[in-house]
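Here's the structure, in structure tokens; my notes come after.
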Amino acid sequence: MRGVPAHGWVALMDRSASPEIKPGPAAPRGRAFGVLLGLGIAVVAFVAGAVTAAQRGWGSPLVTVMVHNDSEVSLRAVKLRYGSCGETHAMVHDELAPGRSHVFRFPVCGEGGYSLEAVRSDGGTLTSGGSAERGHRIDEHVSAVRIRQSVRTFAY
């Protein structure tokens with residue numbers, strides 16, 4: 001090859017012989033913008049997840065029991081007993097009119113149990129209950145002859 005000295009190929013492959021390429025002033029700004037954009041997306045995703053978890057009760061130490069009086073008579077009292085962490089507690093709601101509802105909320109340590117007693121105006125009682133875990137929502141529908149239960153796990 002004419003015009004290229006024998007050591008010319010070595011010079012072409014030797015990177016130290018080429019001038020150093022430095023990034024222009026736009027490169028650091030672009031990198032900073034990318035980092036800020038990534039942080040912004042992470043913050044928005046975190047906030048969206050936190051809001052969703054709060055709305056749905058994820059991680060809540062509470063159990064929610066909603067008692068619905070679907071019968072045609074008033075309930076003289078609704079009694080809820082619950083146990084968790086080796087302790088037992090009770091709550092009472094007086095006079096639940098037909099078509100009305102009442103919400104009980106109680107804490108549990110992982111898993112607990114509860115029993116519900118609905119006392120009708122004629123003195124008769126209906127009972128229900130079962131186990132409950134943190135974040136559960138339990139609907140108890142009291143009719144004239146029975147209590148129908150539905151459990152939603154983390155379904156707020």
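A short reminder: the numbers here are calculations on the coordinates, not readings from a lab. Computed from a predicted model, the values in this text were never measured in an experiment. All Cβ positions, even for glycine, are placed from backbone atoms using ideal geometry, and neighbour counts span all protein chains on display.
The table that follows gives values for the structure above.
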{"quantity": "Distance between modelled label sites at residue 139 and residue 39, nm, 7 Å Cα→Cβ extension", "calculated": "4.6"}
{"quantity": "Amide H contacts under 5 Å for residue 135, placed H, 5+ residues apart", "calculated": "62, 63"}
